[in-house]
Amino acid sequence: MDGKITAVELPTSRLSANGLKRRNSVDPSAEATPKAGGSTESISAKAPGYAGPFGIDSTMNGPGVPVQPPSRRFVVYWRQVDWGFFHRRNEAFTRTLAAQGSVDEVVHLETISLKGLLASAVRALVLRNPRLRSVYRLHVRKTLARRPILIDERLLVKSLLIVAPSERTWLERLNRWLFRRQARRLHTSKPTILLAYPPAIYMRELRAALQPDLMLADLVDDVPAQECDPQRRAALEKAFVEILPLCAAVFATSESLARRYGAHAPAKIEFLPNGVKLLEPAVCSEHERTPGRRQRVVYAGTLNRTLDRSLIEYLLNHNPDVDFILIGPVEATAEAFVQNLKSRFPSCHYLGRKRHDELQWHLADCDVLVNLKRADAGTHGNDSIKLYEYLATGKPVVSTPIAPADRLHDVIYVAEDKVQFHRLLQCALAEKAPEKRRHRRSIAADNSWEHRVTRILERVGQLCNAAPGQPQEAERA
């Protein structure tokens, strides 16, 4: 892709069926963990001698002294190799969890093929963008390191190397052997929570190697629905169905995902939308439009087959005096289309792939932000992070009717067809309402990643404080 389209520079135990591991030993040296300011928190008392799911006697440590569970270790297992590029949900959760005082460390895992490793090494050497080079260097380092590498306080990353995804029996056996060998090095005696993202490969092998005290699943996008090949789609659905019964709790970015896979989860799947990292005030305040320059409309995201191509061409044809800027990686399914747009429309500019920390400046330095994805079966289970990020700028947003636009009509211009999209785009370009910008930023603040992680930690606390045999609080889906 990089060479085809030129960017312009503008102890041993078992997991129970619901994913919660019960330890039978009590740690006599467990002490209360002080909070900031010197206070301690107690956990709800159970029957005397009960060792909670983190191996802690949750009655008392001496007369009247409550016991606080130790800090927890989270392992986040993502389904593809993109750490550092897009700040997707998995990365946002990882970074936000690492910032919590109740979390000892967070380890983010990805699986990379030998071909992917070599491609990262080459790009780390030849790319002109120094920020992208640094990301690819990190991908090489975290693959070759024997153990996870520390990149921030309490935050570690690691890539697990396989030869290549394959249906050949001998190669698949080699892949699994390599994966298990690396995964075993990740096991520690620390209480561990595994947050898995189906359909990540070799999830059962990772679970067996880590022996987590608690396993959670987070469903992001309806991945099987986006797959065209029936055999591949069936394999992806099987990956969901096999892992969900082993989880103590399951979250999903959309209610349609929760309904689709609810029958396979041990309890009701919890709807947990995407969120946003709020922008620094300077990002928005310093990027007001320079008088005299042409109006700019920006789309930021992966350019792939989910784009509404007829909509894009219609907008370019009907707005020749407006610059349309496309930012993001181009998948093979859209390479010819993007190249064609650049050659046919002088007002269409492709800026290439940008790191997330660079992207926010481009979002703020425009007049209107747009979402150009088709609203169909392939996007029905999605919850677009870009729309939350758009709202954080305060700028006018025009979108097709995909989530969360369908829930946020009061702050997003939502178009049902290309004619209405063009009309609403004109309204957005003409908008001069500071109160609307403040309202959009307020909505973004209500949907921060901190709010989402708080929900996860609250659920983990409920599960960890539940006595053996106690029914789940959530209803059966």
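The values are calculated or read from the model by the stated rules, or taken from the named source; none is laboratory data. This is a predicted model, so every value here is computed, not measured. Please note: Cβ atoms are built from the backbone with ideal geometry, for glycine as well, and neighbour counts cover all protein chains shown.
For the reader, a short list of remarks on this structure follows.
- The selection criterion, being in contact with a helix residue (DSSP H, G or I) (Cβ under 6 Å, 6 or more places away or on another chain) and closer than 28 Å to residue 188 by Cα, does not hold for residue 271.
- Taking region 348-445 as the region of interest, the strands (runs of 3 or more DSSP E) fully inside it that hold 2 or more residues being surrounded by 21 or more Cβ atoms within 10 Å (Cβ to Cβ), at pLDDT 95 or above and not aromatic (Phe, Trp, Tyr) are 368-371, 397-399.
- Extreme residue, farthest from residue 417 (Cα to Cα), among residues of region 302-336 that are in a helix (DSSP H, G or I) and of a type in the set (S, T, N, Q): 333
- Of all residues in region 234-246, none satisfies being closer than 27 Å to residue 106 by Cα, part of a loop (DSSP other than H, G, I, E, B), assigned by TED's automatic domain parsing to the domain that holds residue 171 and of a type in the set (A, V, I, L, M, F, W, C).
- Candidates 415, 375, 392: the one that is under 22 Å from residue 260 (Cβ atoms) and among the small types (Gly, Ala, Ser) is 375.
For (1) modelled with pLDDT under 95; (2) in contact with a Leu (Cβ under 8 Å, 6 or more places away or on another chain); (3) surrounded by fewer than 16 Cβ atoms within 10 Å (Cβ to Cβ), each residue gets a yes or a no:
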| position | (1), (2), (3) |
| --- | --- |
| 308 | no, yes, no |
| 315 | no, yes, no |
| 320 | no, no, yes |
| 324 | no, yes, no |
| 328 | yes, yes, no |
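- Among the residues of region 374-402, those that are in contact with a Pro (Cβ under 8 Å, 6 or more places away or on another chain) and of a type in the set (A, V, I, L, M, F, W, C) comprise 375, 387.
Every residue, every condition in (1) out of contact with any helix residue (DSSP H, G or I) (no Cβ under 6 Å at 6 or more places or on another chain); (2) of a type outside the set (Val, Ile, Thr); (3) part of a loop (DSSP other than H, G, I, E, B), yes or no:
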| residue | (1), (2), (3) |
| --- | --- |
| 157 | no, no, no |
| 167 | yes, yes, yes |
| 170 | yes, yes, no |
| 173 | yes, yes, no |
| 179 | no, yes, no |
| 183 | no, yes, no |
| 189 | yes, yes, yes |
| 199 | no, yes, yes |
| 205 | no, yes, no |
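- Residue within region 99-108 that is of a type in the set (Ser, Thr, Tyr) and in a helix (DSSP H, G or I) present: no
- Residue 256 modelled with pLDDT under 95, under 19 Å from the mean Cα position of the chain (by Cα) and hydroxyl-bearing (Ser, Thr, Tyr): yes
- Residue in region 185-194 that is modelled with pLDDT under 95 and either among the basic types (Lys, Arg) or exposed (fewer than 13 other Cβ atoms within 10 Å of the Cβ) (or both) present: yes
- The single condition among (1) crowded, with 20+ Cβ neighbours inside 10 Å; (2) closer than 30 Å to residue 443 by Cα that residue 240 does not satisfy is (2).
- Test: residue in region 145-153 that is surrounded by 22 or more Cβ atoms within 10 Å (Cβ to Cβ) and touching a strand residue (DSSP E or B) at 6+ places or on another chain (Cβ under 7 Å): no
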